[in-house]
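Student: First the structure, then my questions, so here it is.
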Amino acid sequence: ITVDYSGDVAGNGEFSGATVDVSGSFGGDLEVSGAATEINAEVGEDLEASGGAVEISGSVGGNAEISGGAVDINLQVAGRSEISGGAVDVSSGSVFSGDVEIAAGALEFAGHANQAVDIEGNNREGIFRRRDRSEIEISGILDAGGTICAHEVRFLNGAEVNGPLTVLADDEPDYAA
């Protein structure tokens, strides 16, 4: 039920359990799933992480696929990133070199995306409700612009957009003074 692993692996790693805590380095792929998942790792190839609460830090040499109810990310990803969650928090230490797709009910993005982003707000009130209340906050850097679609979009202090960005929202986005 509980996994607590710390070490260095030349190849792949795969862990699952109710509570999973993984740290170290993996030369190949890393796959982690659990109700509560904490990862602090250097991954040589691809990362796949899922859980109710997911907290990730470190680096990924390939692609990253991350999903969870509550997701906290402090990660450097060389390849493509696909992130989905109810509440997603991307810290300022996060750097995405490849394409970035994020689907979230609430997103706080303070990271740095080198390629165009595709950010979609999900309905936070459940499948049977018709009103979308998704909220996206950008305080990071979007070097190549992209697309953001959500109920509410806010650009906070520190936000930087250096390419064409299309924003689809119920109201005009809020911008920091």
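Student: Compute the distance in nm between two label points, each set 7 Å from the Cα along the Cα-to-Cβ direction, one at Glu172 and one at Asp143.
Tutor: Each label point lies 7 Å from its Cα, and together they span 3.1 nm.
Student: Could you compute how fast the range 25-97 diffuses translationally, taking Rh as the Kirkwood radius over C-alpha pairs and applying Stokes-Einstein at 10 °C with viscosity 1.306 mPa s? Give it in µm² per second.
Tutor: Estimated diffusion coefficient is 137 µm²/s.
Student: Next question. Which option, (1) 37, 23, 14; (2) 26, 20, 16; (3) 29, 19, 12, is the value of semi-axes √(5λ) of the Cα gyration tensor in Å that was calculated from these coordinates?
Tutor: Matching the structure shown: (3).
Student: State to the nearest 20 debye the size of the charge dipole of the range 16-161 about its Cα centre, where the only charges are +1 on K and R beta carbons and -1 on D and E beta carbons.
Tutor: Here the range 16-161 has a charge dipole of around 560 debye.
Student: List every residue whose amide H lies under 5 Å from the amide H of Asp21, counting only residues 5 or more places away in sequence or on a different chain, with H placed 1.01 Å from N in the peptide plane.
Tutor: Val3, Asp4, Tyr5, Glu38
Student: Sticking with this one: Taking a label point 7 Å from the Cα of Ser97 along the Cα→Cβ vector, which residues of the range 1-45 have an amide N closer than 19 Å to it?
Tutor: 25-30, 41-45
Student: Return a whole-number percent for the relative contact order of the chain, with Cα pairs under 8 Å and 6 or more residues apart as the contact set.
Tutor: In percent, rounded to a whole number, it is 10.
Student: Could you pull the accessible area for Arg154 with a 1.4 Å probe, rounded to 10 Å²?
Tutor: Near enough 40 Å² of accessible area.
Student: Now for a different question. Out of Leu168, Gly111, Ser33, whose Cα points farthest toward the positive end of the dipole of the range 26-177 (charges: +1 Lys, Arg; -1 Asp, Glu; placed on Cβ)?
Tutor: Towards the positive end, the residue furthest out is Leu168.
Student: Here is a follow-up. On a 1.4 Å probe surface of the protein chains, which of Val95, Val90 comes out largest in accessible area, and what is the full order?
Tutor: Descending order: Val95, Val90.
The values are calculated or read from the model by the stated rules, or taken from the named source; none is laboratory data. Not measured: the values here are computed from a predicted model. Glycine also receives a Cβ, built like all others from the backbone with ideal geometry; neighbour counts cover every protein chain displayed. For accessibility, only protein heavy atoms count, side chains too; no ligands or nucleic acids. Shrake-Rupley method; radii C 1.70, N 1.55, O 1.52, S 1.80 Å.
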